[in-house]
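Below: the structure, in structure tokens.
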Amino acid sequence: MTETLKLPVLPLADSVVLPGMVVPVRLDEPEIQAAVDAAQSVDRKVLIVPRPDGKYAAVGTIAVLEQVGRLPNGEKAAVVRGEGRAQIGSGVTGPGSALWVEATPVDETVTAPGKAAELAKEYKALVVGILQQRGAWQVVDSVQQITDPGQLADTAGWASYLDLDHKAQLLAEIDVIKRLELLIGWTREHVAEQEVSEKISNDVREGMEKTQREFLLRQQLAAIRKELGEDEPEGADDYRTRVESADLPEHVRKAAMTEVGKLERASDQSPESGWIRTWLDTVLDMPWSESTTDNTDLKAAREILDADHAGLDDVKERLIEFLAVRARRDRKGMEKVGGRGSGAVLSLVGPPGVGKTSLGESVAHALGRKFVRVALGGVRDEAEIRGHRRTYVGALPGRIVRAIREAGTMNPVVLLDEIDKVGSDFRGDPTAALLEVLDPAQNHTFRDHYLEVDLDLSDVLFLATANAFDTIPGPLLDRMEVVTLDGYTEAEKIAIARDHLLPRQIEKAGLEPSDVEFTEVALGMIAAEYTREAGVRQLERGLAKALRKVAVKLDSDDVERPVHIDADALVTFLGRPRFTPESAERTSVPGVATGLAVTGAGGDVLFIEATSMEGEPGLILTGQLGDVMKESVSIALSYLRSRGMAGDLASKKLHVHVPAGAVPKDGPSAGVTMTTALASLASGRPVRSSVGMTGEVTLQGKVLPIGGVKQKLLAAHRAGLTDVIIPKRNEPDLDDLPESVRGELRIHPVADVSEVLELALEPAPVSAAA
């Protein structure tokens with residue numbers, strides 16, 4: 001049984017002494033002085049007890065008083081050496097004023113010596129690593145010589161990274177294994193913190209060294225350039241001189257001088273200096289006072305337009321009008337009215353392949369202006385139009401400003417390509433930003449977010465291209481002057497192929513004009529029977545395919561030049577025709593009528609089929625019809641029933657189908673075609689194969705006007721129809737139709753469905769006399 005000792009208590013509030021430690025203790029408190037005096041009067045032993053928060057710990061350290069004296073600064077102190085742990089018991093009486101207690105020495109417990117040795121080895125490695133980083137090699141040797149696990153654990157009393165609570169916990173822990181586990185955990189945390197701290201310090205040091213090194217190198221480079229006489233070109237850095245000498249508008253000059261002042265006050269190392277330099281370079285690159293002189297020779301301009309494009313008279317006339325107004329203003333010396341120039345905003349709307357984009361370059365050529373194309377298809381960010389704020393990293397001016405800078409003049413022709421395909425999302429709506437750009441009443445003070453100065457766009461000729469009106473917002477469409485390109489006639493296609501497409505494709509195929517010869521009939525067949533489109537893209541591909549075959553033939557066989565391509569040879573080069581007239585075949589039975597429609601690719605013919613069958617009366621509609629088109633069928637059926645023309649359709653099940661079922665269809669213009677198909681089914685009289693029709697119908701049988709008349713009539717002409725029925729109120733639209741097409745079509749304007757049926761249905765068979 002362990003003997004209980006009677007010892008004076010030496011309380012320590014700011015430190016913990018573990019067994020094996022030798023530490024000096026200042027005798028600056030009465031309790032400490034009394035404990036040392038009491039120890040000197042007996043066997044020089046004291047019980048050192050931690051008292052961090054004014055409370056005595058349950059376990060203390062039995063220590064021997066090695067020496068009592070004074071520190072170098074004259075203060076009294078005692079040197080004590082810890083020997084072992086002791087459990088503190090009850091207080092007892094003793095000599096002097098010190099606190100005396102009963103102390104029971106506590107022996108350490110090692111439940112698993114093997115595990116204790118492994119933990120001691122791991123802890124020793126951690127401690128040695130920390131000491132080696134600090135360069136404490138003598139202490140490393142001392143630690144390496146310790147073999148007892150408990151003694152090794154108690155060396156943690158010297159660890160500066162452990163606080164009083166940690167050390168008090170170690171003092172109270174009797175189990176050596178638990179003590180080592182605690183120490184290993186705390187030491188690992190300290191090592192991890194040290195690694196992070198060291199990495200941060202290294203990064204900061206390396207960054208500072210790099211900055212200082214770059215600064216010194218730049219200073220040396222500047223000095224070397226100065227000695228060699230290779231200074232920067234005059235004005236490269238002197239922005240104040242460049243701004244003062246530039247021909248800038250007054251409001252732009254004022255804003256630029258303000259930024260120059262900021263640049264002169266800013267440090268070269270400041271990021272803002274780079275932003276200001278970029279902004280000043282952008283402003284100085286803008287052609288504020290540059291403009292080209294328009295070509296005022298109207299005859300020459302029209303010749304250029306006619307040479308580049310066949311047809312498109314509406315667009316050409318509008319551009320000639322623009323030139324005429326400009327010429328008259330210049331002759332009168334008229335300046336800008338209200339700050340506004342004489343620019344224009346035209347929107348070219350038409351199916352693909354009719355030459356909208358290429359027309360922009362032709363217009364610029366005719367006017368003698370610079371040409372810039374801005375592709376808007378798929379643009380979703382409003383900043384693409386107005387630019388980014390300068391506060392953003394990598395900020396740039398918008399596409400309009402970049403186009404003006406690229407053109408180098410303030411009055412270029414800017415083509416806004418595919419304006420109907422501009423999108424919108426959470427970043428903004430680019431079409432809303434275009435409202436100011438394309439408004440002639442506002443664009444003389446257009447403000448880009450990046451430039452933040454007014455930019456005059458009133459002299460710019462904007463040409464926007466689109467395939468359809470539907471996806472262009474109403475307010476934006478209202479700001480543009482719309483010119484419709486409805487497609488080409490067959491004669492125009494042949495002319496385009498002969499004068500433009502064929503020479504270009506001959507050159508691309510590596511041939512000479514003398515190597516091949518196309519007949520007019522062959523060109524007409526490609527346009528009419530191998531393609532069916534409003535534009536000429538498929539026609540050009542057909543020519544390219546034929547010329548590739550010619551190139552192979554010339555290199556493979558010994559053939560006579562030029563290779564002659566006529567109607568018979570065309571089948572060899574392109575195969576059999578893909579498009580042949582089918583109206584006669586499709587309308588040979590009652591219940592089928594030929595309608596006319598407008599799609600995104602231009603006009604097209606549309607067959608409507610109706611049939612009846614026995615069964616419960618009802619109506620089936622197929623062919624992906626929209627709500628408006630479904631209503632047209634119901635209106636047509638109601639009209640026939642109300643006029644007693646439905647026959648026995650009321651008692652049968654009806655099915656109305658519009659072929660090309662994969663294509664969605666909608667709109668009211670098929671009303672007369674629906675009515676004719678149902679009337680044909682009811683009467684048993686087929687619809688004339690040469691007749692196509694379009695128009696909205698009412699319950700009273702009135703035929704109302706529709707849109708896209710020109711495109712529909714061109715489609716009827718391409719399909720080989722000879723008679724076309726249109727609403728009477730659409731007669732003014734016939735003025736836009738080319739004379740060549742009007743001469744080959746018999747156009748019947750009607751106001752009532754009865755007129756449609758009289759023109760469209762075959763005569764009723766005459767019954768034989770009895």
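The values are calculated or read from the model by the stated rules, or taken from the named source; none is laboratory data. Just so it is clear, the model here is predicted, and its values are computed rather than measured. Backbone-built Cβ (ideal geometry, glycine too); neighbour counts: all protein chains shown. Just so you know, the surface numbers come from the protein's heavy atoms only, side chains and all, with ligands and any DNA or RNA stripped out. Shrake-Rupley method; radii C 1.70, N 1.55, O 1.52, S 1.80 Å.
Summary table
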item	result
Filtered residue count, segment 694-723, keeping only those that are buried (at least 21 other Cβ atoms within 10 Å of the Cβ), modelled with pLDDT of 90 or more and out of contact with any Asp or Glu (no Cβ under 9 Å at 6 or more places or on another chain)	3
Filtered residue count, segment 659-717, keeping only those that are outside any loop (DSSP other than H, G, I, E, B) and farther than 12 Å from Val598 by Cα	23
Filter result for the condition that a residue is at pLDDT 85 or above, under 50 Å from the mean Cα position of the chain (by Cα) and within 26 Å of Ile620 (Cα to Cα), over Val687, Val672	Val672
Qualifying residue in segment 92-114 (condition: charged (D, E, K, R), closer than 20 Å to Ser15 by Cα, out of contact with any His (no Cβ under 8 Å at 6 or more places or on another chain) and surrounded by 12 or more Cβ atoms within 10 Å (Cβ to Cβ))	no
Lone unmet requirement of (1) over 36 Å from the mean Cα position of the chain (by Cα); (2) modelled with pLDDT under 85; (3) not in a helix (DSSP H, G or I) for Leu221	(3)
Options Asp53, Asp28, Asp37; residue that is acidic (Asp, Glu), under 22 Å from Pro72 (Cα atoms) and either in a loop (DSSP other than H, G, I, E, B) or at pLDDT 85 or above (or both)	Asp28
Members of segment 74-107 found to be of a type in the set (Ser, Thr, Tyr) and either assigned to a strand (DSSP E or B) or in contact (Cβ under 8 Å) with a residue 40 or more places away in the chain (or both), listed by number	Ser90, Ser97, Thr104
Output for segment 23-40, where each listed residue is over 22 Å from Trp158 (Cα atoms), open to solvent by 10 Å² or more (accessible area, probe 1.4 Å) and free of Cβ contacts under 8 Å to residues at least 60 places away in the same chain	Asp28, Glu29, Gln33, Gln40
Subset of segment 728-749 (residues that are touching a residue at least 40 places away in the same chain (Cβ under 8 Å) and either open to solvent by less than 40 Å² (accessible area, probe 1.4 Å) or among the small types (Gly, Ala, Ser) (or both))	Pro738, Ser740, Val741
Residue match in segment 307-317 (condition: in contact with a strand residue (DSSP E or B) (Cβ under 8 Å, 6 or more places away or on another chain) and either more than 30 Å from Val453 (Cβ to Cβ) or of a type in the set (Val, Ile, Thr) (or both))	yes
Residue check for Ser362: touching a helix residue (DSSP H, G or I) at 6+ places or on another chain (Cβ under 6 Å), part of a helix (DSSP H, G or I) and either at pLDDT 85 or above or under 26 Å from Ile472 (Cα atoms) (or both)	yes
Among (1) part of a loop (DSSP other than H, G, I, E, B); (2) open to solvent by 80 Å² or more (accessible area, probe 1.4 Å), the one test that Glu303 misses	(1)
Segment 658-693, residues that are open to solvent by 30 Å² or more (accessible area, probe 1.4 Å), hydroxyl-bearing (Ser, Thr, Tyr), closer than 29 Å to Lys493 by Cα and in contact with a Gly (Cβ under 9 Å, 6 or more places away or on another chain)	Ser690
Filter result for the condition that a residue is open to solvent by less than 20 Å² (accessible area, probe 1.4 Å), in a strand (DSSP E or B) and either farther than 30 Å from Glu696 by Cα or touching a residue at least 60 places away in the same chain (Cβ under 8 Å) (or both), over Gly603, Gly524	Gly603
Segment 375-422: number of residues that are assigned to a loop (DSSP other than H, G, I, E, B) and among the charged types (D, E, K, R)	6
Residues of segment 41-54 that turn out to be open to solvent by 10 Å² or more (accessible area, probe 1.4 Å) and either more than 18 Å from Ala103 (Cβ to Cβ) or touching a Ser or Thr at 6+ places or on another chain (Cβ under 6 Å) (or both), as a count	3
Segment 618-638: number of residues that are more than 14 Å from Gly591 (Cβ to Cβ) and touching a helix residue (DSSP H, G or I) at 6+ places or on another chain (Cβ under 6 Å)	2
Unique match (being in contact with a Phe, Trp or Tyr (Cβ under 6 Å, 6 or more places away or on another chain), among the aliphatic types (A, V, I, L, M) and modelled with pLDDT of 80 or more) among Val260, Val243, Val252	Val260
Out of Gly615, Gly591, sole residue that is in contact with a strand residue (DSSP E or B) (Cβ under 6 Å, 6 or more places away or on another chain), modelled with pLDDT under 85 and farther than 30 Å from Val349 by Cα	Gly615
Residues located in segment 56-88, provided they are among the small types (Gly, Ala, Ser) and open to solvent by 40 Å² or more (accessible area, probe 1.4 Å)	Ala58
Test: Val536 is open to solvent by 10 Å² or more (accessible area, probe 1.4 Å), of a type in the set (Val, Ile, Thr) and without any contact (Cβ under 8 Å) to a residue 24 or more places away in the chain	no
Leading residue by the ranking (most open to solvent (accessible area, probe 1.4 Å)) among those in segment 400-419 that are farther than 20 Å from Leu284 by Cβ and free of Cβ contacts under 8 Å to residues at least 60 places away in the same chain	Glu418
Candidate set: segment 451-471, residues that are open to solvent by 10 Å² or more (accessible area, probe 1.4 Å) and more than 25 Å from Val325 (Cα to Cα); chosen: the one farthest from the chain's Cα centre (by Cα)	Asp454
Top-ranked residue in segment 128-163 [being within 21 Å of Ser15 (Cβ to Cβ), open to solvent by 60 Å² or more (accessible area, probe 1.4 Å) and touching a residue at least 40 places away in the same chain (Cβ under 8 Å); ranked as farthest from the chain's Cα centre (by Cα)]	Gln151
Pick from segment 164-185, criterion farther than 26 Å from Ala136 by Cα and without any contact (Cβ under 8 Å) to a residue 24 or more places away in the chain, ranking: most open to solvent (accessible area, probe 1.4 Å)	Lys178
Exclusive hit being farther than 23 Å from Thr587 by Cα and at pLDDT 90 or above, set Glu731, Glu739, Glu755	Glu731
So Tyr123, is it among the aromatic types (Phe, Trp, Tyr) and open to solvent by less than 20 Å² (accessible area, probe 1.4 Å)	yes
